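Working notes for the structure below.
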Amino acid sequence: MLESLSKLFRNTLFRLSLLGAVLFVVSLFASLGYVYYATVASELRAVDKTIQAEVDEIQNIYQTVGLPDVQRLIVLRSFAFEGRYLLETPNWFVGNLGSTAMEQDGYVPFTLIDGVPGKPFVSKHLTYAIQGEDDVDDLQDRRIRALSGFLIGPKGETVAGLIVGRDVEEIMRTADRVRTAIITSSLIALFLGLLSSLFVSQRFTRRIDAFNRLATDVRAGQLDRRAPRNYSEDELDLLAEHLNAMLDHIDRLMKAMRYAGDSIAHDLRSPLTRLRTRLESTATEMKDDKSATALWLAAEDADQLLKTFDSVLRIARLEAGEQREMLQEIDPKIILDDIAELYEPACEDVGLGFLAQIDEGLLILADRGLLSQAVSNLVENAIKYTPKGGAVKLELSRNMDNRVVISISDDGPGIPAMDRERVKERFVRLDKSRTAPGSGLGLAMVDAIATLHEAEFVLGDGMASEHGPGLSVKIIFPRRRHLRPAIKE
Amino acid sequence: MRILVVEDDEVAADYVRKGLMEAGHVVDLAPDGDLGLEMARAADYDALILDRMLPKLDGLELLESIRDDGDTTPVLILSALGEVDQKVEGLRAGGDDYLAKPYAFTELLARVEAIGRRSDPTAAVTKLKVGDLEMDLLARTVKRADQNILLQPREFRLLECLMRNAGQVVTRTMLLEKVWDYHFDPQTNVIDVHVSRLRGKIDKEFESPMLHTVRGAGYRLQV
């Protein structure tokens, strides 16, 4: 869960579209904030203005006609619908806001939840919440916007506490609703933004993944793979087009290179054959033993060259896949029994143990000759690279996926994981094996034969020993229904 | 043996002729298919060496023509197309053996001598005898100097192949083809191992060795 989440955040497109969504939500929030400011806040400002004007008026009246007139004015105005007043001296109070200190009938006792009464009129406007009595419904928990302060006498003394306010409950309720709406809509936008980021990134990632799979396959040697196109000519489609053109080009180059190699091999065979014949016939005529030996050795070198060329051409023909029609239903046991019988004495002679564990009753589509050659190559490799006293194991079994597996393992030095794909290439020989005889074509041949059989050719660790992890080579055949049936004549 | 070589590559043909003549055979050369067919029809050869790709008349067509005439002369097909399916095609067309280019001359010589000998009316033999070595093909027994020799099935077939070509060189590739039915060359000396085991059984306890190694070529069973 956590891992898939961190994987999601590693996805560039997801991050980008999420950023876009967040930016959108922020701007949405800002514009809704302006709406709030332009409506609710401006209404409150209008209220504040009215209150300020009234406070100024009351102060003015006090200064011109005195406290009793102010008292009357407050009483009168307390009957008005929206005004809220309190005028309070140490001995009495009037107004429709009750005082906690002087509770009397007819007045609404209230508790100022916010704000401190008794501050000078210069204090800022505060919104007080009043807690009314339970039976006075419309005054219950209503909010007023008020200025609180003191009437100031001629000598600057405080004469009475004064609160002038307006009931702003309706405005505040609207404000609350607007605020809730702003927050809710922002959250909805954020959620939808998140969803759309997911959707967009998933869609895009699928197409990017196709490219990644393509690259992996091409690296694994499947040069015939191409990127899927939807012909929308959008940037990904164009990228696919370019990639495909690039792969076509690589494919052409590879083919040209191979063709050149094959042509060289083909053209050099005839002169080499003649060279070999010449060496051989001279060697037989030679009376001098030492010279004859040298000529025989030269002839053997020519043989080695011819074998290499022959292998190159065989691989080329196998890769062309012309021989797929030769595959027949066959019990691989027959093939492996023969190989085991052929190589067991050879193993014994060089001091290697040979184990064969061959299951019965399996069936594959194969060409006996080619498969024998592949297994023979692998067994010979195992013999060549396993130090004396080691063991070579030949196995035939069915694996967990119900696929037939031929496995050849040894307890020699093995092949490092990073080289395991590379050694399947033609002429690739690892540094360690450069001194050993061989052409570097054995595994390429096996690979070509496995491919022809639509089988997987997998290298892994074999039987570990003091010489290293050993090597295990598997040819994993496809389940039979995946195979094209053999063409019977 | 009198051998007809139908081969368009002059140099190759010359070497083959020279080599075969040195081995004591009489050799005629034909540089193209038409002439090859004419010569094959005109004279009685012990063996034909036939290149597959020939000017004028393809090697396989030539072969089919002479087989249609009822001519059973043993034919060795030579070709640069050294693949097994090509081999099958060649044998189906009536060839007796098939050799892919590049080949060692010894290989060619051994094979020609082997098929040339096959034409002897020995098709229904049940017993093989070379010196004091005897093989009963029906009872699957082997004796040397009246001593029973116990052989594994594969060793039996190996010896049978050598005895059928007694006195002649049998190459490793030929053994691999005829005894194991493999048409590829192993990189190791795997055949030598089997031959030396066989040698241990048939030669070790006897004074004169019969199974000889021929340098650069293969093996020969000889008294």
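Output the residues belonging to the stretch B:166-223 that are open to solvent by less than 30 Å² (accessible area, probe 1.4 Å) and among the hydroxyl-bearing types (Ser, Thr, Tyr).
Residues satisfying the conditions are B:Thr171, B:Tyr182, B:Tyr219.
Using the structure shown, decide if A:Leu243 is surrounded by 12 or more Cβ atoms within 10 Å (Cβ to Cβ) and at the interface with chain B (Cβ under 10 Å from one of its Cβ atoms).
Against the criterion (surrounded by 12 or more Cβ atoms within 10 Å (Cβ to Cβ) and at the interface with chain B (Cβ under 10 Å from one of its Cβ atoms)), A:Leu243 does not qualify.
Have a look at A:Lys287, A:Lys255 and point out the one that is open to solvent by 30 Å² or more (accessible area, probe 1.4 Å), more than 21 Å from B:Ala100 (Cα to Cα) and not in a helix (DSSP H, G or I).
Working: A:Lys255 fails: not in a helix (DSSP H, G or I).
Unique residue meeting the criteria: A:Lys287.
Please go through the stretch A:375-398 and pick out each residue that is open to solvent by 30 Å² or more (accessible area, probe 1.4 Å) and either assigned to a strand (DSSP E or B) or among the small types (Gly, Ala, Ser) (or both).
Within the stretch A:375-398, A:Gly389, A:Lys393, A:Glu395, A:Ser397, A:Arg398 meet the criteria.
Name the residues in the stretch A:53-79 that are surrounded by 17 or more Cβ atoms within 10 Å (Cβ to Cβ) and in contact (Cβ under 8 Å) with a residue 24 or more places away in the chain, would you?
Those that are surrounded by 17 or more Cβ atoms within 10 Å (Cβ to Cβ) and in contact (Cβ under 8 Å) with a residue 24 or more places away in the chain: A:Glu54, A:Val55, A:Ile58, A:Gln59, A:Tyr62, A:Val70.
Which of the residues that make up the stretch A:211-240 are surrounded by 12 or more Cβ atoms within 10 Å (Cβ to Cβ), within 25 Å of A:Leu318 (Cα to Cα) and of a type in the set (D, E, K, R)?
If the condition is that a residue be surrounded by 12 or more Cβ atoms within 10 Å (Cβ to Cβ), within 25 Å of A:Leu318 (Cα to Cα) and of a type in the set (D, E, K, R), then A:Asp217, A:Arg225, A:Arg226 are the ones that fit.
Any residue that is assigned by TED's automatic domain parsing to the domain that holds B:Leu99, within 18 Å of B:Asp97 (Cα to Cα), touching a residue at least 24 places away in the same chain (Cβ under 8 Å) and not in a loop (DSSP other than H, G, I, E, B) - is there at least one of those in the stretch B:24-35?
no
Take the residues in the stretch B:7-25 that are surrounded by 15 or more Cβ atoms within 10 Å (Cβ to Cβ) and under 18 Å from the mean Cα position of the chain (by Cα); name whichever of them is farthest from the other protein chains (Cβ to nearest Cβ).
Filtering the stretch B:7-25 for residues that are surrounded by 15 or more Cβ atoms within 10 Å (Cβ to Cβ) and under 18 Å from the mean Cα position of the chain (by Cα), the one farthest from the other protein chains (Cβ to nearest Cβ) comes out as B:His25.
Could you list, in sequence order, all residues of the stretch A:298-345 that are within 17 Å of B:Trp180 (Cα to Cα), within 11 Å of chain B (Cβ to nearest Cβ) and open to solvent by less than 10 Å² (accessible area, probe 1.4 Å)?
The answer is A:Ile335, A:Ile339, A:Leu342, A:Tyr343.
When you scan the stretch A:439-477, how many residues do you find that are in contact with an Asp or Glu (Cβ under 6 Å, 6 or more places away or on another chain) and on the phi > 0 side of the Ramachandran plot?
Looking only at that region, the number is 1.
Is one or more of the residues making up the stretch A:265-284 more than 25 Å from B:Arg17 (Cβ to Cβ) and either within 11 Å of chain B (Cβ to nearest Cβ) or open to solvent by 30 Å² or more (accessible area, probe 1.4 Å) (or both)?
Just the residues of the stretch A:265-284 that are more than 25 Å from B:Arg17 (Cβ to Cβ), to begin with: A:265.
Still in the list and also either within 11 Å of chain B (Cβ to nearest Cβ) or open to solvent by 30 Å² or more (accessible area, probe 1.4 Å) (or both): A:265.
Yes, some residue in the stretch A:265-284 is more than 25 Å from B:Arg17 (Cβ to Cβ) and either within 11 Å of chain B (Cβ to nearest Cβ) or open to solvent by 30 Å² or more (accessible area, probe 1.4 Å) (or both).
Return the total of residues in the stretch B:42-60 being open to solvent by 30 Å² or more (accessible area, probe 1.4 Å) and out of contact with any Gly (no Cβ under 7 Å at 6 or more places or on another chain).
Restricting attention to the stretch B:42-60, the residues satisfying the condition of being open to solvent by 30 Å² or more (accessible area, probe 1.4 Å) are B:42, B:44, B:46, B:53, B:55-56, B:58.
Among the residues that remain, those that are also out of contact with any Gly (no Cβ under 7 Å at 6 or more places or on another chain) are: B:42, B:44.
The number of residues fulfilling the criteria is 2.
Before we move on, is B:Thr188 within 14 Å of chain A (Cβ to nearest Cβ), in contact with a helix residue (DSSP H, G or I) (Cβ under 9 Å, 6 or more places away or on another chain), hydroxyl-bearing (Ser, Thr, Tyr) and part of a loop (DSSP other than H, G, I, E, B)?
Yes.
Go over the candidates A:Ala146, A:Ala160 one by one and state the one that is in contact with a His (Cβ under 8 Å, 6 or more places away or on another chain), of a type in the set (Gly, Ala, Ser) and surrounded by 16 or more Cβ atoms within 10 Å (Cβ to Cβ).
None of the others qualify; the one that does is A:Ala146.
List the strands (runs of 3 or more DSSP E) that sit entirely inside the stretch B:120-172 and contain at least 2 residues that are among the hydrophobic types (A, V, I, L, M, F, W, C).
Fully inside the stretch B:120-172 and qualifying: B:127-130, B:133-136, B:169-171.
Take the conditions touching a Pro at 6+ places or on another chain (Cβ under 8 Å) and either open to solvent by less than 30 Å² (accessible area, probe 1.4 Å) or modelled with pLDDT of 85 or more (or both) and apply them to B:Glu107. Does it pass?
It is false that B:Glu107 is touching a Pro at 6+ places or on another chain (Cβ under 8 Å) and either open to solvent by less than 30 Å² (accessible area, probe 1.4 Å) or modelled with pLDDT of 85 or more (or both).
Just need a number here: residues in the stretch A:352-411 that are touching a Lys or Arg at 6+ places or on another chain (Cβ under 9 Å), more than 25 Å from B:His183 (Cβ to Cβ) and among the hydroxyl-bearing types (Ser, Thr, Tyr).
Going through the stretch A:352-411 one residue at a time, the tally reaches 2.
Please go through (1) crowded, with 17+ Cβ neighbours inside 10 Å; (2) modelled with pLDDT under 75 for A:Lys119 and return the number of the only condition it doesn't satisfy.
All conditions pass for A:Lys119, except number (1).
Just checking, which of A:Ile74, A:Ile58 is more than 14 Å from A:Gly149 (Cα to Cα), modelled with pLDDT of 50 or more, among the β-branched types (Val, Ile, Thr) and in contact with a Leu (Cβ under 9 Å, 6 or more places away or on another chain)?
After applying the criteria, what remains is A:Ile74.
In the stretch B:141-153, what residues are open to solvent by less than 30 Å² (accessible area, probe 1.4 Å) and among the basic types (Lys, Arg)?
B:Arg144
Within the stretch A:341-374, work out how many residues are more than 48 Å from the chain's Cα centre (by Cα) and in a helix (DSSP H, G or I).
Residues meeting the conditions: 9.
What number of residues within the stretch A:37-46 are modelled with pLDDT of 85 or more and either surrounded by 15 or more Cβ atoms within 10 Å (Cβ to Cβ) or more than 57 Å from the chain's Cα centre (by Cα) (or both)?
Qualifying residue count for the region: 1.
What are the residue pairs meeting all of these: first residue in the stretch A:80-109, first residue of a type in the set (Phe, Trp, Tyr) and crowded, with 20+ Cβ neighbours inside 10 Å, second residue in a loop (DSSP other than H, G, I, E, B) and modelled with pLDDT under 55, Cβ atoms under 6 Å, and 6 or more apart or on different chains?
Pairs that qualify, where the first residue is of a type in the set (Phe, Trp, Tyr) and crowded, with 20+ Cβ neighbours inside 10 Å and the partner is in a loop (DSSP other than H, G, I, E, B) and modelled with pLDDT under 55, are A:Phe93/A:Ser99; A:Phe93/A:Met102.
The values are calculated or read from the model by the stated rules, or taken from the named source; none is laboratory data. No experiment lies behind these values; they were computed from the predicted model shown. Positions of Cβ are generated from backbone atoms using ideal geometry, with glycine treated the same way; all protein chains shown enter the neighbour counts. Note: areas computed on protein heavy atoms with side chains; ligands, DNA, RNA excluded. Shrake-Rupley method; radii C 1.70, N 1.55, O 1.52, S 1.80 Å.
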